[in-house]
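The block underneath contains the structure these notes are about, expressed in structure tokens.
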Amino acid sequence: MPNRLAACSCGQLTAQVAGEPVRVSICHCLACQRRTGSVFGQQARFYRKDVAIAGQSTVYVRVGDEGSRVAFHFCPVCGATVYYEPEGLEAFVAIPVGAFADPGFPPPSVSVYEERKHGWVAVPEEAEHFA
């Protein structure tokens, strides 16, 4: 069972994960574009029982397009998001894939809000695609 460490830029806030992600997805919504400063957000969902959080976080709660809330936990020192908790999925913790700094991380199997996808972004063909 692999162990992975996600961390903020300064290393103060970490998430140690045991096991494989339940789901790896990319989101092209405008809120994820703003949150990441990139053209999409990529996240891995893990069972909460397999994630150990260390360090202090500041929380920002955002209401999504469908009305559900997501609590984003970011480092109060460097500002990097290390994990978040989607309402209605309390058994899980989502972690931005970039926080792992692992180019060998598994590719996304789901792509959502593709109607807002930048035209040059190539999503793996085998992924599930949602407009």
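With unit charges on the beta carbons (Lys and Arg positive, Asp and Glu negative) and the dipole taken about the Cα centre of region 28-131, which residue among 127, 105, 94 sits farthest to the positive side? Positive-end residue among those listed: 94. Three principal axis extents of the chain based on alpha-carbon atoms, in descending order, are 37, 32, 27 Å. Each of 121, 77 was scored by other Cβ atoms within 10 Å of its Cβ. Arranged with the fewest first, they read 121, 77. Taking each DSSP H run with n ≥ 4 as -39500 (n - 2.57) and averaging over every residue of the chain yields -1500 deg cm²/dmol at 222 nm. Annotation: amide H of residue 92 within the under-5 Å range of 48, sequence separation 5 or more or interchain, hydrogens built in the peptide plane. Around the amide H of residue 13, modelled in the peptide plane, lie the amide H atoms of 8, all under 5 Å away and 5 or more residues distant in sequence or on another chain. Couplings 3J(HN,Hα) for region 54-66, derived from phi with the Karplus relation 6.51 cos²θ - 1.76 cosθ + 1.60 (θ = phi - 60°), are 9, x, 9, 9, 9, 10, 10, 9, 10, 8, x, 4, 8 Hz, where x marks Gly and Pro. Computed from point charges on the beta carbon alone (+1 for Lys and Arg, -1 for Asp and Glu), the dipole magnitude for the chain about its Cα centre is near 400 Debye. Under a no-solvent Debye model with one identical scatterer per Cα of region 88-131, what's log10 I(q)/I(0) at q = 0.18, 0.25 Å⁻¹? Debye output, listed in q order: -0.74, -1.09.
Extension gain residue 38-residue 121, at 0.36 nm per residue separation less the Cα-Cα distance, in nm? Gain on stretching residue 38 to residue 121: 28.7 nm.
What longest range of the chain stays clear of loop-exposed GluC sites (Glu not before Pro) (DSSP non-H/G/I/E/B, at most 14 other C-beta within 10 angstrom)?
Details: sites that count: 66, 87, 90, 125, 126.
Within the chain, the longest run free of exposed GluC sites (Glu not before Pro) spans 1-65.
List residues of region 16-43, by number, whose backbone nitrogen lies under 18 Å from a label position 7 Å along Cα→C-beta of residue 129. Under cut-off, by backbone N: 25-29, 40-41. Tally Lys/Arg at +1 and Asp/Glu at -1 over every other residue whose Cβ is under 13 Å from the Cβ of residue 60; what's the total? So the environment of residue 60 carries a net charge of +3. In order along region 41-51, phi translates into HN-Hα couplings of x, 10, 9, 10, 9, 10, 5, 3, 4, 9, 10 Hz, rounded to whole numbers, per the Karplus curve 6.51 cos²θ - 1.76 cosθ + 1.60 with θ = phi - 60° and x for Gly and Pro.
Each label was represented as a point 7 Å from its Cα along the Cα-to-Cβ direction; for residue 47 and residue 59 these points are 2.4 nm apart.
We did not get these values from a lab; they are worked out from the coordinates using the rules stated. Because the structure is predicted, anything quoted here is derived from the model rather than measured. Cβ: placed from backbone, ideal geometry, glycine included. Neighbour counts: every protein chain shown.
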